[in-house]
Structure formats: C-alpha cells, structure tokens
Amino acid sequence: MYQPIYILGPCSAETEEQTLMTADQIAHEMARCASCGTLIYRAGIWKPRTQPDSFQGIGVEGLSWLARVTERTGMPTATEVATPEQVREAATHAIPYIWIGARTAANPIAVQEIADAIKETGGSFEAVLVKNPVNPDAALWIGDIERVEQAGMRVVAVHRGCSHRPCWQMAYTLHQNRRDIPLLLDPSHLCGDAALVPALCDRAVELGYDGLMIEVHCAPGQAWSDSRQQITPEAAGKVIGQGPSSVPPSKGGRINREAEDLLWLRAMIDETDDVLWETIEERMAISRRIGVWKKEQGVDIVQPARFQTILEQRQRWGATHGINEETIRHIMEAIHTESVRQQA
Ligand code: PEP
Ligand code: MN
C-alpha cells in the first residue's frame, strides 16, 4: 500500500514552548488523518540565513527540545546539518533524520565532508534527506545523493525549487533517474508564500511525489524565520487529511506512467509561461522608463527604424533556433504595440 511521507514542523525551533506547541498541534491534526503514512517532525536548529543579523538558529540546546517532541508525541524528528560537527551533535542526541539544505547541496566538498561524518557516526540515522541545490543542477543533486549513499545511508530526495521557483525540469530528471528513492516536495521553500502551499501540495500528489515536507508553525505570523511561507497545523491537517485524494493517481493505479509524464511536462510549461509573462512585465516597466525619457527629450514614441532592427535581429536568431520568421513577427508586433501603449 502507498505510504506517503510527511515531514511537518517549523522552519526553526525558536523556543521550547513554540517547538512543543507546534508538535502537539501537528500530532493532534494528523491523528485524524486517514491516509497518513510516515509522519516526521522537522525543525531547523542551525539555520543558513542570508543576513548575518537575522536569527541563525537556537543551536545545540534545541536538540533536547526535539527529544521531548518524540517523548510527548511519538513523532521521530529531523533537523538540518551543514557541517561535520553538526552531524556529530545530531547523532549524539539520537536525532533519527537529518537533512542537507539547498545551500549546502550546492557545494560538493561540504556534502562530502558531511557524508564522511555520517559514515563515522556508524550509520546511526534512519535516513538522510537531500534537498536540491539552490542552482537548478540535476547532476549536482544526483551527485550529492550518491555521496550520502556511499556513506551507507538511505536517502530521500526533497525538491524545494530554486529562488522561489519550482524547477520542475530538474526534479523530473531526478525522478526519471532515481525512481528507486522517495521524492518529496517542499512547497514552502519552493514558493515562499503560505497562500500557494495547498495548490502545490495538490500538484505534488498529481505528479506522483512520495510525500511532502511542509513548514508548519503554531503562529506563522510570529515566526523568527520564513514567516510568510509557514502554515498552521490546522491548515496542514486540511491539506493532507483529504482522504483518498491524497494518494497520487499513479500510485493508486488510476493513471499510468505515460499519463504522469504529461502532467510533468505541463508543470514545466506552466513554469515557463510564468517566466515568460514576468519577463514581458519587466520589459514593459523598462518601456515606461523609455517613455518618460522620450517625453522629456521631445522624441517621438514610435521609432520605426529601431523596431525594424530588433525584429530582424530576432528573426536571424529564430532561423538558428527553429522558430518561424512569421511567428517572430507576430510576437514582436504584439509586444511592440503594447510597449507603445505603455509609453503613451
Ligand atoms: C529549511 O528547510 O528550513 C531550509 C533552510 O531549507 P532549504 O535548504 O531548502 O532552504
Ligand atoms: Mn525555512
């Protein structure tokens, strides 16, 4: 039977009270979930933050709070490790699951050092979760996974996107190459927005993911890190506890591999369209600045020679990239018309 993996908990363990309260509420919500398989509680203890003056994680002290979570709720716990010393601390405190974060995953030397430290601990972890690197590099992600496997560990891959974008292509490459290991989606880091998390969870189910890693906080608005993307335990319970619909169609035998492939390809198309439209929006913002300049300088908005130059440039590019000359003309004319409208 399909046994999804759910890893729920706050971005960071902040205080003992917040760590335990969030855990109690998750355990309560998930107790009512009919289709729940493995449930693991996550909380970051050492946080790789962009700014030096933001919260860097509570440190070793938080590991004992995680032990209390397990005592109270029975949930095994997971935390992020970024150095060999952190691996040793996690092993000493008997944390069963550790994860390698996206920033660490981008550095193979750091991953190897972590893998070596894992091996030294004598394989005391149940599994190691390996997030995708911050840059969309499937080969690097697969390499990270192999380094951890060579240390004798079971690996679970976690797709968390890049710069709040999904990178479905990267995840699909991993999925095709490593169907033997579970693949989870981390919608929280993937989009950075709590409001978008439920729809992404549905998409993960459709695409045949083996589970979810979601940031869940007892009071998301007051979180010390990633507050915009965390959801409440109640919301997580709703997203996950939808009964049979939370079994991926492919895993439930309702659709075959080919049908699942089409869903992946459509996810890639949607992502490409997002980028395309955001690029058009950026282009229009530049056009408006040009409009201001032309007005100040008393220059006509429409410059036919300039349009002709960029059109021909694109058509030459199209000739070597398999895109029809007439299609390029239609698209460039539409963009130009809107550009003129924005400048007026
Ligand atoms: C996290 O899970 O809190 C985290 C920092 O993840 P990532 O490495 O994906 O940013
Ligand atoms: Mn986070």
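Any read-out appearing in this document is the output of simple, stated calculations on the displayed coordinates, not a laboratory observation. The model shown is predicted, which means the values in this text are computed figures rather than measured ones. Reconstructed Cβ throughout: ideal geometry from the backbone, glycine too, with neighbour counts over all protein chains shown.
Comparing 197, 60, 155 in a Gaussian network model of the chain (Cα springs below 10 Å), the most mobile by mean-square fluctuation is 60. Distance between the 7 Å Cα→Cβ label points at residue 308 and residue 124: 7.6 nm. Helix 257-297 and the longest principal axis of the C-alpha atoms of the chain enclose an angle of approximately 50°. Compared with the dominant Cα axis of the chain, that is its longest principal axis, helix 304-321 is turned about 50°.
Remind me, relative contact order of the stretch 7-90 in percent, using alpha carbon pairs under 8 angstrom and six or more residues apart?
Details: 109 pairs, mean separation 29.0, N = 84.
RCO, the stretch 7-90: 35 percent.
Please report 272, 104 as a ranked list, fewest other C-beta atoms within 10 angstrom at the top and most at the bottom. Could you put the intermediate results ahead of the total?
Working: 272 12, 104 23.
Exposure proxy ranking, most exposed first: 272, 104.
Report, in whole Å, the centroid distance computed from the Cα atoms of the stretch 267-318 and the stretch 139-187. A separation of 37 Å, based on Cα centres.
Counting each DSSP H run of 4 or more residues in the chain as -39500 (n - 2.57), what helix-only mean residue ellipticity at 222 nm follows after dividing by all residues, to the nearest 500 deg cm²/dmol? Mind showing how you got there, number by number?
Details: 13 runs with 179 residues, N = 344.
About -16500 deg cm²/dmol.
To the nearest ten degrees, helix 61-73 and the longest principal axis of the Cα atoms of the chain are 70 degrees apart. Dividing the mean sequence gap of close Cα pairs (under 8 Å, 6+ apart) by how many residues the stretch 189-245 holds gives a relative contact order of 36 percent.
If Lys and Arg each add +1 and Asp and Glu each add -1, what is the summed charge of the other residues whose beta carbon sits under 13 Å from the beta carbon of residue 15?
Counting the neighbours of residue 15, the net charge comes to -3.
Determine the gain in length on full extension of the stretch residue 149-residue 176; use 0.36 nm per residue of separation and subtract their C-alpha separation, reporting nm with one decimal. Please report the intermediate quantities before stating the final value.
Working: separation 27, 0.36 × 27 = 9.72 nm, distance 1.79 nm.
Here the answer is 7.9 nm.
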